[in-house]
Each structure stands twice: as C-alpha cells, then as structure tokens.
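A.B. asks: Could you have a look at this structure, given as structure tokens, before my questions?
Derivation of every value follows stated rules applied to the coordinates shown; laboratory data play no part. Because the structure is predicted, anything quoted here is derived from the model rather than measured. Virtual Cβ from ideal backbone geometry, glycine too; neighbours counted across all protein chains shown.
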Amino acid sequence: MKFLHTADIHLDSPLVGLARYEGAPVDELRGATRRALANMVRLAVDETVDFVLIAGDLYDGDWRDYNTGLFFAAQMGELNRHGIRVFLVAGNHDAANRMSRDLKLPENVHRFTSRAPETVTVPELALAVHGQSYRTAELHDNLATGFPAPRPGCFNIGLLHTAVSGRPGHDPYAPCTLEELLARGYDYWALGHVHSREELHATPWVVMPGNIQGRQIREAGAKGCTLVTVASGEVEKVEHRELDVVRWAHLTVPVTGAATPEEALELAVTAAEGALAAAGDRLLAARFEFQGRSAVHSRFAGDEERWTNELRAQLLGSFGDRLWAEKILFRTAPPHAAADAVAGNPALALLLEAMETADDAGAILAAERPEIEKILAKVPMELRNQLDLPALDDPAVVAALFDEIRAILLPLLLGHGEG
C-alpha cells in the first residue's frame, strides 16, 4: 500500500512580499499554488498510490469566486479516474465558519465532519482513517484525545491539523502533546498546520509534511509532500517529494573584499547563479542581503534606490524571468570602526558613546512596549510573519538595529562635513 500525505495547500493564496518592478515575472507567480497541487496529483498517479491525505488548510480562506472550488474538483476528478481515494480535514483557514461557498466533490473524496471525530474504513486495504475538521478558525480544544481507539486488523491513520505542543510562527490551534498522539495506538499520524517539514516520531510515524508551495521568504527551501510505503501492515519507507514551482531563498552576500559597488553586485549575481542551480527549473524568488565592512558602504548608503535597481537590471540581464528579487537589503558598515571615523569630532563621539554604552538596548523600547503589544495582539500570527517584523523583545535583535542605525547615520553626518 502507498499513500501521499500533504497539507497546507492554501489553494489560490497569493504569494506575498514581492516588490513589483518592470520585467518581474508576475505571470509566473500567479497560480503557483494551483500548479503545485497539479504536481501532487501527477505524482499520485505516477506512483500509483492508493489514497491521498490532506491534513487541513486546503483553502486559504473563503473563495473569492467558485473558480477555486472548480479547479480543486477537477483535480480530484483526475484522481478519481485513476481509482485514488482522498481523505481530507479542514484546518483553521478553511474551517466551517470561514467558508460561505461549497461544491459537491467527486465520490472518491471524503471530507471529515467538524462535529466529532469519525472513522472511515477501507476493507480491501485493511485501512482505517480517523479524522476531524475544524468547526471554527480559532480552535483551542484538544481534538486528539477524543479520537477513537484503533480498529483491530487495520492500518490506523490519524488525520489532524495541529501545532502539537506549539511551533514558532504558528498559532497554537488544536493543541496536544506528542505523548497524547502516541497513546492513541495508531500506525501513522498525518498532521498539518506547520509549514516546515518535520518528522516528530518514527515507529509509529508522526509527520508534518510542510506546505506544498512556499508563499513568502519565511518559507524558503524545498516544499512538497510525503510519500509513504506500507508493507505487511508496517511503514516501510517515508520519503519527501518536492512539488513547489516557485522556490524561495535568502541569499547573504559578504562584501568585505569588494572595492566598488559593481564588484559587490557581481558577488550577488554569482550567489543567484548557485541558488538557481539548486532550484532546478523553478522560478527563484530571492532576498539579497549585503553584509560586512567594506569601502562600498558609503556608496550604498548614499543611494540605495540606484543600487537596488542596478542589481535588478543585472539579474534581469543574466536570468530574465527565472528570478524575482523579492527584496534587496543593505546591511553593510564602513571599513573602519565607527570610533575611528569620528576622531576629532566631539559631538559625533558623544553620540557614538551614548549608543555604545547602552547596557540594554531593549530597554530603550520599554516605554513603548505595552502599546506595541496591544497592536500585535490584534494581528494574526500568519500576518505578523508576512510583515517580517523584527523581534523587539530580543536584545540581540535590537542591538543589530542599533548597528544598522550607526552604519547609516554616521556616514550621512560625516558626509555633511563642516555643515
């Protein structure tokens, strides 16, 4: 017996955080989640799997129109023509109270109810699948403890959308512990909700497959599903299979040895070449971050807009629509220490000393922290991730922000000379 385990498809979810500029491959990015789902269907057919598990967040929320549902129904129809069953649960994004539209799906698809845990058996496969959908988007009940006992003589699978005991960057919906999952006595737990792949346990297997298509820079790297092979009632093989059509990458470009901005840009192009090779034939959405002390710092700091577009032009010339520069960051510093730069300038030396002697950089934000917390508490976790906010409660992060301030402020002040 073979099956695919997938989750967090977020069908028709827009990719976020992409700066629009002339020549950017906009058309390639539209419909990325649809093409990733089509890849999953082709994989299921090619591998002649017996069934597919979808562990929540099939949809990104209520449909804008019926085309989203029509596309999914067509893909499920393709699986139906090959005799492949589909078992799915709804997660927080496509919970019952978030969906106002629906369509009848082909007979091979079983969507678990949100009223209570239920079990579906397939006698010819000696299979029992246990699952429960979300009734509401913000579900904080422990669903796992209510799942039924395993069916004797069957390969038992639990299908659940959960962050388990919590995962950074994900809301703690349907919380449970790994021990509670193992206590059910199932042969495989097919989980969803967390967008990075994770194997929480083996024998029995507890797997988070991650999402099938990265949608922002925080979801960098290969994305796909899990292919499971079962022999004599036991898991024989668990394999990750890539499905994504757009690959995200965060490229750090050290510029310590660069004498000119042009040399620094060449280093970025070289980094892009390596990332494109690793991405195969996929479109690459890359964030470039220039780092290090270098003579190019003052040139970059003086006109970031120009050098941002100079790099974009080189990338378009070298790679065309195979690469989208999601964001270009300049995190460089002067080649000399800041103290040397302000020697003989008492006013700047005093400013520098005030910044350097702050015992706890985070304390500077303490007065505003309550207001910041009130605002962030109203923002869903996923949106906070998309905003790419710095962790202001981390002193190391705040110290890094101070480094950026010094790197930008001092050259500007020194550049004004006697004025």
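A.B. asks: Between residue 377 and residue 47, what length in nm is gained on full extension when 0.36 nm per residue of separation is reduced by their alpha carbon distance?
C.D. replies: On the way: separation 330, 0.36 × 330 = 118.80 nm, distance 4.48 nm.
Once the chain is fully extended between residue 377 and residue 47, it gains 114.3 nm.
A.B. asks: Right, something else. Residues with beta-carbon under 13 Å from that of residue 239, excluding residue 239: net charge, scoring Lys, Arg +1 and Asp, Glu -1?
C.D. replies: Values: positive: 2, 197, 237, 241; negative: 47, 199, 236, 242.
Net charge in that neighbourhood comes out at 0.
A.B. asks: Further question on the same structure: Counting other beta carbons within 10 Å of each Cβ, put 100, 165, 13 in order, fewest first.
C.D. replies: In increasing order of surrounding Cβ atoms, one gets 100, 165, 13.
A.B. asks: Which residue, chosen from 69, 108, 38, occupies the Cα position most advanced towards the positive end of the dipole of region 2-242, where the dipole is computed from +1 (Lys, Arg) and -1 (Asp, Glu) charges on Cβ about the Cα centre?
C.D. replies: 69
A.B. asks: Report, ordered by chain and residue number, the lysines lying within cross-link reach of residue 237, taken as a straight Cα distance under 28 Å and ignoring same-chain residues fewer than 8 apart.
C.D. replies: 2, 223
A.B. asks: At 0.36 nm per residue, minus the direct Cα-Cα distance, what do residue 107 and residue 250 gain on full extension? Give it in nm, one decimal, please.
C.D. replies: Values: separation 143, 0.36 × 143 = 51.48 nm, distance 4.26 nm.
Answer, rounded to one decimal: 47.2 nm.
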